[in-house]
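Below is one structure, written out as structure tokens; the observations come after it.
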Amino acid sequence: MVIHNSDLLKQYIRRIILDLLIIPFAFYLAWLIRFDGHIPAKEWGALTRHIAPMAFVYITIKLVCGIYRRLWAYASFRDIILLSETVGLGTLILVVVNFALTSHYSYRLSTGGLIIGGLLTLTLSTMAKYRHQLIAMFFAPWLRRMKSNPERVLIVGVNEAAQQLATQIYLRKCEMDYELVGFIDSYNGKGMNINGVEILGAPDQIPALVRDKQVDVIIIARQPSDREERWQLISTCLETAAQVKVLPDMVEVIEGRYEDPLTLRDVSIDDILGRTPATVNAESCQRILADKVVLVTGAAGSIGSELCRQILRFKPRLLLALDNNESGLYELNLEINRNGRSPLQLVVADITDWGKMNRVFQQYGPQVVFHAAAYKHVPLLEYHPDEALRVNIMGTVIVSEVAHRYEAERFVFISTDKAVNPSSIMGASKRIGELWIKSLSKHGDTIFTTVRFGNVVGSRGSVLPTFAKQIELGGPVTVTHPEMTRFFMSIPEAVSLVLQAATFSHSGEILMLEMGEEVSILSLAQRMIRLKGLRIHKDIEIKFVGIRPGEKLHEELAYSEELKETTPHPNIYRLQSPNGSIDRETLLGVILILNHSLRMSNGEQLVREGIFQIASHDIDGFLNRVTGLDLTRDWHQLAEGGATRVQTGGTVVHPIKRHIAESALPVPG
């Protein structure tokens, strides 16, 4: 084996020298044990003659098995098993060779001494590998006595992370000065102990134990998977005077949000919601994103910025972060491109600018597009339907058409649960986006997909930041209705599932993310108040202000006629609708007429009603309203190829092409 690294060579030499000290010492000690402290001169001489080749056997096997290449500061049980197998193999070889050489020599070494020597070699080698940990454990009791007033800790949950944390606390390797009082666990019996630390009881005994044991900090190492049980546990902990901390779960560590899996964090909104994060197949995401030019619209927003963060993990050739918010893009660049080495290109552009979007595609040639740009505030858009039309509808048409023209590989449209049976302008405009993406999927090779999901925690349109700000200001916390519910998911989880959905989607599909159970907004507000250690109606008032324009009491993720089908991921469903898609040019025609309607005297009202009519497939009703014609009666006139314009009420309206009338209007009997 050739070692090129000089530092590694020095490490090998140091470890071999250590073994040259351990192995002879182990075997001389073994001979003392074997002969009760009185080694015959003949035995002593035989051992001395053979100790060098015996050490050579052990060291050679350790070299071959890679024992010297291991970082023992981070050793696990598997490393101890490998060391045991290595020393055991060496001892077996010595015993076999000792027997084999009996026929050539009248005397052989003591078999018992060889076995005892092997066991001592393993013991001393293990102690040498773990010398730092052993020294720390030896001095830990004295160090604890020297420290004054350590914070007393109660760990909730018994798993590997909890045991590692307990060891860190015992060895005084935590940043804080902690003293472990005991464990809380629902499954193992009270009075049992783990590594010498007692299990004191079940979660419902936490308040009494905190009081009796004078606990300063509660650390939740394992949370129940059930949402209500999880909140009940957190609620019980928050009722005490102790500080509450949480160990991050493995998903958060894998995603890189915590470098150290034993990093303690405060109770978060995600814990309040009680949702277990979903995992994704990173390899499949890598296949569609690695070495590709990827475009994210709305990159300065909550979803768009998280898309950028996660996409960079999969090493795209170039990531185009596009938004008309230059300050947001600048801050995003500072966050995810600190060293200036990320393949990130900021693009300040408006998705409704056809010329600019065309130039972006012409210059960079995006292969994968995630369209997250949209206006999302429901009550605000109720007063500005023209902006919903301009950005959410026309912007989607422009970006997708340019992607189609330049033959992008994939186009993913981010939709919302508010697009299902929409009661708001925002939801109806996103539903038209869904219909448009589906109609466009029948043309060309680009895979056009819609991903639909509910609220995300911490987004700019979410109620949670509003609650947090109101609590910070001392209240009141405003809730629209006591029975209002919403679906919630964390932004990182939603984005990771969007990326996963893009890997196996087919063109024209609507994929729905599993959002779990609906969360009561009132309950959420109450939990957020309690999370801050405040009392409802004493420290913070909750005020009901009534449902705002466009809002529903309960959101839906799918239409009643849409059938849910499973996909390769358990948290992503494929929605199949028996209703056919609207012809692309029909839909484009009515969208352009809708846009043209703004120029009329009653344009805003026409746009408001038209958005809802198109979203509900009522193409005839919209055209009747906007043209003032009875199109069912006059469809022949509209379908005539020679007709170029129709006079209606003094306003010139360009008629729809023949195939639009034929596909959109019923033929009269």
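Brief remarks follow.
- For the range 340-353, 3J(HN,Hα) per residue [Karplus equation, 6.51 cos²θ - 1.76 cosθ + 1.60, θ = phi - 60°, Hz, x = Gly/Pro]: x, 9, 6, x, 10, 10, 7, 10, 8, 7, 9, 5, 8, 8
- Remark on Leu180: its backbone amide H falls under 5 Å from those of Val153, a criterion applied only to residues 5 or more positions apart or on other chains, H modelled at 1.01 Å from N.
- Distant-in-sequence amide H partners of Leu318 (H built 1.01 Å from N, under 5 Å): Lys292, Val293, Val294
- FRET E, pair Glu585, Leu553, Förster distance 45 Å, beta-carbon r, rounded to 0.05: 0.75
- Converting phi to 3J(HN,Hα) with the Karplus coefficients 6.51, -1.76 and 1.60 and the offset θ = phi - 60°, the range 22-31 yields 5, 5, x, 4, 4, 7, 5, 5, 4, 5 Hz in sequence order, with x at every glycine or proline.
- Phi-based couplings in Hz for the range 49-66 (Karplus 6.51, -1.76, 1.60; Gly and Pro marked x): 5, 9, 5, 5, x, 5, 5, 4, 4, 4, 5, 5, 5, 5, 5, 5, 7, x
- Scanning residues 5 or more positions from Val519 or on other chains, those with amide H under 5 Å from its amide H are Arg486, Phe487, Phe488, with H placed 1.01 Å from N in the peptide plane.
- For the range 292-337, the square roots of the Cα gyration tensor eigenvalues, ordered a ≥ b ≥ c, give a/c of at least 1.5 with a/b greater than b/c, which places it in the prolate category.
- Modelled spin labels at Ala41 and Lys213, positioned 7 Å past Cα toward Cβ, are 6.4 nm from each other.
- In straight-distance terms, cross-link reach from Lys292 covers every one of the lysines whose alpha-carbon lies under 27 Å from its own, apart from those fewer than eight places away in the same chain; here that gives Lys315, Lys356, Lys438, Lys442.
The numbers here are math on the coordinates, done by the rules we state, and not lab data. Predicted model, so just to flag it, every value in this text is computed and none were measured. Cβ coordinates were reconstructed from backbone atoms using ideal geometry, including for glycine residues, and neighbour counts include every protein chain displayed.
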